[in-house]
Every structure is written in C-alpha cells, then in structure tokens.
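Structure first, commentary second.
The values are calculated or read from the model by the stated rules, or taken from the named source; none is laboratory data. Because the structure is a prediction, the values reported are computed rather than measured. A quick note on method: Cβ atoms are made from the backbone with ideal geometry, for glycine too, and the neighbour counts reach across all protein chains shown. When the accessible area is computed, the model is the full protein with side chains, heavy atoms only, and any ligands, DNA or RNA have been set aside. Shrake-Rupley method; radii C 1.70, N 1.55, O 1.52, S 1.80 Å.
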Amino acid sequence: MPQIAQIADTYSSQIFWLLLTFGFVFFVIGLGMVPKVQGTADARDAKISGDLDAAKAAFARADEAEADYRTRDAQNRSAAQALIARAKADAAKASETRLAAADADIAQVIGAAEARIAAASNAAMAQIETVAVDAARDMVARIAGVEASDEAARNAVKAALAHG
Amino acid sequence: MAESGKIDPMHQFAIEPLFGTDHLSIGGFNIAFTNSALYMVAAALVLWIFVVGGMKRELVPGRWQMAVEYMTGFIKNLLISNVGEGGRKYIPYVFSLFMFILLANLLGLLPLGLIGMHPFTFTSHFTATGVLAIMSFSIVLIVGFWKHGLHFFSLFVPHGTPALMVVPLFFIELVSFMVRPFSLGLRLFVAMTAGHVLLKVLAGFVINSANASPALGLTVGFASFVLMIGISALEVLVAVIQAYVFALLTSVYINDAENLH
C-alpha cells in the first residue's frame, strides 16, 4: 500500500503542497470570493423579500383606499339624497304659496269681473226699460192713437218686466 | 500487495515526483512536486475557475453564477441548520473544505487513463485527509476554548449525568472527542481507496480474463465490465457523499464548539 510504504518519503511533500493549495483555496477563494458570491445571493434574497413586502403593503394601502372610497361614496350619496329631499320640500312649499297667491289673484279678478258683469247687466236692464218705454209709447200711439205719458209707460213697462 | 496478474491495483496510489523535483526541499524536508501535488493544484485551480465564473454579481444570475451561488447557499444552509446563525462565519472554511475535497474526489475519477495520463486521487492518502481533519479539529478546539475557556470541558459531561457517572463519562466522552480527527480523516481515505481498488481489481479481471481465453473474456470479463460501470456510478456518488460527510461532520463539530450544549 503506497500510502503506508511511501509515507516516510512523501509525508512532508504531501503536507506542504496540501497546505499550500488549501491555503490558496481558503484565503483566495473562501475568504476573498465566497463572501462576495454569498453577498450577492443574500442581497437578491433581501431584495425579493423587500419587494414582496412592498407589494403586500401596496395591496393593503389599495384595500384601505377602496374602503375609504366606499365610505366616502356612501356619505356623499346620503348627503346628496338629503339635499334632493330638501330641495323637493322647498320647491313644494314655494309652489304652494305661489298657487295660493295665484288663487287669491284669480278670486279677485273673478270678483271684479262678476261686479262688472252685474253692473253691465244692470245698465243693460235700464237701457232695455228705456227702449221698452219708447216701444210701449210707440205701440200705444199706433194702436190707440193716444199719446201715453212717459210716466205711465214707464210704470207699465216696470210692471211687465217685474212680472217677467 | 494485492496482485492480479501483472496489474497492481495499488499502483494508482503511488506518489511520483514530477518534473525532476525529487530533491526539492525546505529545511531538510522533502517537498517534491508530485503527481499528488499536481492534483491538489488542479483541484484548487478548477475550484478557482468555478468560483470566478460566479463573481459576476448580477441581480438576475446566469447559469454559472446560479451554480456557484447554489453551492455557497448549500454550505450556508448546512451551517445554519447545524450551527445556527453563528455558523455564517464558517462559510468560507467549510465551502473551501467541501469543494476542495469534492473536486479532488471527482478529478481522481476522471477517465484520463484513456488518453495515457494517470489520474490520482490525493484524498486516498491519509497524509492529505489527515491534514484536513486536523485543521477542522483545530478549529473546533480553538473556537471552543476561545469562546468558552475551560468551560469547554463541560462538553464531555452531558446534561443530567448522575454525579457518580461524571468522571467515567468524562473520559468516555473525551476519548470519543479525541477520536474525531482520526475518524474524519480515515473515513475519507478509506472510502476513496476502497472504491479505486475495487475498480482496478475489476479492470484487472476484465484484462486478464480476456487475455486467458475468449470464453472467459465474454463471461467473467463482460460481467466484471458491467459491474465496473455500476461501481463507477457509485463512486461518483461516494465522491460527493464523502465530501458532504466531511463538511457535515465539520459543521457538527463546530456546533459543539460554538454552542456547547
């Protein structure tokens, strides 16, 4: 077995070269390069988990914003509905008062018109009496040949008119 | 030595100096650049190339960067699940250990023999695995005594030990603790050696049976060859598992030092 047979001749060379090569591996590769490689991997892991956290936070913020939006939307909706209701009530009240005023105006106009109609019909009646008196005197004069007095004719007409 | 015909299945573990550096030495110690050292350098170089490809540091990684980050992430998860958040500072060491052993195991399995080279698995030498095991064990000792001082010895007395049992249990636990570097180093060495020997023995069967007679070649040789294919796949698995076991046990031991219990 050369491992044992050659040990006296080769142990120093084996140990020397092993320490030299492993020393190179440890100091140059292990200490010099591996931390950088591992650092890159760690930085990447940190970045990934950081990005994931940021995404999660953004999701939470979005949910919050949506909830906020919903409550504000509901508030605005109820405020708008209250506004509409008030406006409706106001409008109804206003139209009521205007209607009342218009009713009063109309009643006044109707009253005035009725008074005018009454006056006009009185005047017309008076005119009809005069015309009827004239007509009655004419008829009396033509039929009886008697000149009826104005007063007699008037009384007769009045009586006739009163009887309808 | 196990011999099968002219094929020596142990020859693959022989260490040979390369490039005429047989007598290179420091302070009287021979440091010849051997085929073993060549594969150590190769493993370090391949690992360096692999990790350099993952240094682009892009937010959206490419395939190569993804592969490198997967390996560092794998070691990070291993340490965090075994040691906790305090295990992060051991990522460079355990990553180096795991990848170095993994590449050593895998490079030793490359079928370079097909192009006339001799692949060598330096993790099949306990001189190499022993150094790695002693390093891991030293880190445990240093961290343990640094963080907990002499209180680190309480590791050898589990919670709820009856007073009568404290002393015997202390020595039992001490022995089991002191055995760790040996089990750590020998496990890797044995697993790699056994697998490679098995492959070479079967290869010897194929060659020798085919040389003996066509009938033997078609029966014994073919069966051995089919078995070799399966065992080669198994060896790739063993290469990964042994590297993982080494890294896992190191992190379990580091947990003892880091958190006591």
If exposed means GluC sites (Glu not before Pro) lying in a DSSP loop and surrounded by at most 15 other beta carbons within 10 Å, then the longest stretch of chain B lacking such sites spans residues B:59-261
Just give the residues from the range B:98-138 buried by at least 20 square angstrom of accessible area in the all-chains context relative to the isolated chain, probe 1.4 Å, and say none if nothing qualifies. B:Phe100, B:His125, B:Phe126, B:Thr127, B:Val131, B:Met135
For the range B:2-259, which whole percent of the accessible surface, found with a 1.4 angstrom probe, sits on carbon and sulfur atoms? 76
Accessible area of B:Met117, 1.4 Å probe, to the nearest 10 Å²? 90
Over the Cα atoms of the range B:2-259, what is the Rg over Rh ratio if Rh follows Kirkwood? 1.05
Please report the net charge: other residues with Cβ closer than 13 Å to the Cβ of B:Trp64, K and R +1, D and E -1. +1
Nearest 100 Å², what total accessible surface is buried between chain B and chain A (probe 1.4 Å)? 4000
Whole-Å distance linking the alpha carbon centroid of the range B:23-77 with that of the range B:120-143 is 17
Rounding to the nearest 10 and keeping the result within 0 to 90°, find how far the Cα-based axis of helix B:126-148 lies from the longest principal axis of chain B. 10
Whole-number accessible area per residue in Å² for the range B:133-261, which is evaluated in the context of all protein chains at 1.4 Å: 53
As an exercise, take the mean of 1/r over every pair of distinct alpha carbons in the range B:1-132, invert it, and state the Kirkwood radius in angstroms. 17.3
Can you give me the solvent accessible area of A:Lys158 with a 1.4 Å probe, rounded to the nearest 10 Å²? 100
Taking Cα atoms, how many degrees apart are the long axis of helix A:34-143 and the longest axis of chain A, rounded to 10 and kept between 0 and 90? 0
Exposure rank, largest accessible area first [B:Leu78, B:Leu18, B:Leu114, B:Leu198; 1.4 Å]: B:Leu114, B:Leu198, B:Leu18, B:Leu78
Using helices alone, I'd like the mean residue ellipticity at 222 nm for the protein assembly as shown: each DSSP H run of four-plus residues gives -39500 (n - 2.57), total over residue count, nearest 500. -26500 deg cm²/dmol
Of the convex hull enclosing the alpha-carbon atoms of the protein assembly as shown, the direction-averaged projected area in nm² is 59.7
Heavy-atom accessible area per residue, the range A:11-163, 1.4 Å probe: how many Å²? 71
Extension gain (nm, one decimal) between B:Ser176 and B:Asp22, 0.36 nm per residue minus Cα-Cα: 51.5 nm
Between B:Leu169 and A:Leu31, what's the calculated FRET efficiency when r is the beta-carbon distance and R0 is 41 Å? Round to 0.05. 0.60
Interatomic Cα distance distribution for chain A, bins of 5 angstrom, percent: 2, 6, 5, 5, 4, 4, 4, 4, 4, 3, 3, 3, 3, 3, 3, 3, 3, 3, 3, 3, 2, 2, 2, 2, 2, 2, 2, 2, 2, 2, 2, 1, 1, 1, 1, 1, 1, 1, 0
